[in-house]
Structure formats: C-alpha cells, structure tokens
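Only one structure is covered here, and it is reproduced in the block below.
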Amino acid sequence: MPDFLIGTGRCGSTLAYEVLAHHPLVGFVSRLDNRWARTPGPLRRHGGAIYRRLQAGPLTVSRRLGPSEAYVALSREVSPMITDPYRDLTAEDVTPWLARRLRRFFDGRTAPGGRFVHKFTGWPRATFLHAVFPDARFVHIVRDGRAVANSLAQMPWWRGHLGVPGWRFGPLPAGYAEEWEAGGQCLVHLAGLGWKTMMDRYETARAAVPAEQWLEVRYEDLLADPRKHMDQILGFYDLPWTREFERSLGRQRFTRGRAEAYRTDLSARQLALLDKSLSPHLHRYGYRA
C-alpha cells in the first residue's frame, strides 16, 4: 500500500521527497526504473536501499537511482491518464482495469517491511488515489503561490507561453478567465491563476479524504525548521526517527535565499496582479499579500 507526497509543482515537494528517500524504510520508484522498462524485480523492490548504500559512491550513479515521479513508467505500465490529465482525476475516473494496473505497479516495487512513498505534482489526483488505496496517506506540500508562479514562469517546460489553449491544464474557470483578460493576459498572472486553480482542487480533495489521512506542510516552514517538520512527516507516515535519517538530514542543505525571490524577479505590476488575484488563497494558508 503506497502513501503519497503531493503538491502543485515548484512547491518544494522535491526537496521533501529527496529527504524522505534517505530514510532506511522508504521505498520509491528510481530514475533508472522510470527509464528502463526491463528493470530487474529486485532493483524495483530494493531501489531505495541500493540508492542509500551508494550515497558515498560516485554521484552520477546515485543520481540515476534517486527518487522519481515516474511519469514515463506510469504512462508505460498503467496509463497516460495518470500522468498527463487536462483536469484533476477523481474517484469517478477509476475503472477496475485501471485500478488493477495501478495496484500492480506499486505492489511490484514495495519491499517487505518497508513503506512506499510516491510523489505526484500538478493536479492532486487524491480522490482518485484514495478510491484505489483507501488507507493511503497524503502529505501536501504548500508554497506561497507568488513564488510558485515566479518559478513556473522560469521553467523551460512550462507551456503557459502558449496561453490557455496550449498549457495542458484545461480551460480556466470562468471567473479566473475574466481576471486574466482584465489583467491584460499577463503570463506570470496566468501561472498564478494556474496555482489558484490547482489549489481549489487540493481543497476539494482534502475535504474528500479522511482528515487523519491528510497532512499539510508549508515549504517555508520546512525550510525554517527542517527537523520539526520532517519529524511530523515521518510520524504521519508511521516511520521512526533513526540515526541514519538524523545523519542524512544533517547533510542536507535547506537554503532560504530563494523563498521570496519573486519580490525581485517580478515587476511591480506583475506582483500587484498576483497579490490581488491570489490574496484570498494566500491568506487561507497563512501568507501575507
């Protein structure tokens, strides 16, 4: 039975996932498994343990075995519906065929006695995953939407420059589309509206999953006090705090320098658009607009 780490993307979930990958009981899909369809079964099930043993070895080797969102493998072995939907997936999207394939995907990669944690970004997919794995737990990493928008707009793979028809997240809700038009179709604003649209779906998903199976952690809080919040995440996943994990956490760099880079990376007009547009959502998560 897998558990999940989820977030909008550019939200700090990769940092949290890489830290988790150093826990001696955590399993994940490795980058090698993601790219190589004929990965041997033992490597699939014990990739996490092998990755941790190789941390002291060549950096390129350990990186190839590091944790992956596995979109290539999931598309290949389950369905592209999981990896590239134009909208969030819900329980209504579950079919017996799809559920069997998804369970088989994770069952074949879970080591005995371990806990498998998989990361998804973009749409939450949580109500879909909850329908297939009713006992799964979800850690949602939240980041200031202005920082997410700024980071998205700088990514070479972000397709917002093509506008709503080409950005792969479906049509904007009517009110958000009107906001975008009123703001002059600013592309940074579009990235912020994408964050707001996804956060609406995360709030819907959170309401549908039992409260004891959902944990929210702000990225900024994780940077400020890594030990406190990683301890919270481990406890939520029923993972013990170990000496090995303590040592790996001590080696991890948590830099706060880019946490508010959007304030200097964006223009005054772009910031004003984001502040006005995202303000209600930001306030709900404890951010000041």
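Helix 96-107 and the long axis of the chain differ in direction by around 60°, with both axes built from C-alpha atoms.
Using the crude model of +1 on Lys and Arg Cβ and -1 on Asp and Glu Cβ, and no other charge, please compute the dipole size for region 157-289 relative to its Cα centre, in debye to 20.
Working: 19 positive and 17 negative charges, 90 e Å.
Computed charge dipole of region 157-289: roughly 440 debye.
Roughly what % antiparallel, to the nearest 5, for the DSSP beta bridges in the chain?
Details: 1 of 16 bridges.
The antiparallel fraction comes to roughly 5 percent.
Quick check: from the Cα gyration tensor, does region 128-278 come out rounded (a/c under 1.5), prolate or oblate? Because a/c hits 1.5 or more and a/b fails to exceed b/c, region 128-278 counts as oblate.
In loop segments of region 208-243 as defined by DSSP, the chymotrypsin sites (Phe, Trp or Tyr not before Pro) with at most 16 further C-beta atoms inside 10 Å of their C-beta are 241. With the highest mean first, a sort of the peptides 109-118, 166-175, 250-259, 190-199 on other beta-carbon atoms found within 10 angstrom per residue produces 190-199, 109-118, 166-175, 250-259.
The stretch between residue 93 and residue 135 holds 13.3 nm of extra length on full extension. This uses 0.36 nm per residue minus the Cα-Cα distance.
Partner aspartates and glutamates whose Cα lies under 17 Å from the Cα of residue 196, excluding those fewer than 8 positions away in the same chain, are identified as 88, 144, 178, 179, 181, 216, 275. Which of the listed residues, 197, 267, 223, is farthest toward the dipole's positive end in region 171-274, when Lys, Arg count +1 and Asp, Glu count -1 at the beta-carbon? So the residue furthest toward the plus end is 223.
Lysines near residue 119 by alpha-carbon distance under 17 Å, same-chain residues fewer than 8 away left out - which ones? Result set, ordered by chain and number: empty. The dipole here belongs to the chain: it is taken about the Cα centre, uses +1 on the Cβ of Lys and Arg and -1 on the Cβ of Asp and Glu, and is about 1120 debye.
When the charge dipole of the chain is built from unit charges on Cβ atoms (+1 for Lys and Arg, -1 for Asp and Glu) and taken about the Cα centre, the candidate among 78, 211, 177 whose Cα reaches farthest toward its positive end is 78.
Candidates 66, 16, 155 compared by Cα position along the dipole of the chain: farthest toward the positive end lies 66, with charges placed on Cβ.
Compute the acute angle (0 to 90°) between the alpha-carbon long axis of helix 226-236 and the principal axis of greatest extent of the alpha-carbon atoms of the chain; round to the nearest 10°. It is inclined by approximately 70 degrees. Which residues in region 118-138 have a backbone N closer than 18 Å to a point placed 7 Å from the Cα of residue 81 along the Cα-to-Cβ line? From region 118-138, the list is 123-134.
We did not get these values from a lab; they are worked out from the coordinates using the rules stated. Remember, predicted model here, so these are calculated numbers, not experimental data. Please note: Cβ atoms are built from the backbone with ideal geometry, for glycine as well, and neighbour counts cover all protein chains shown.
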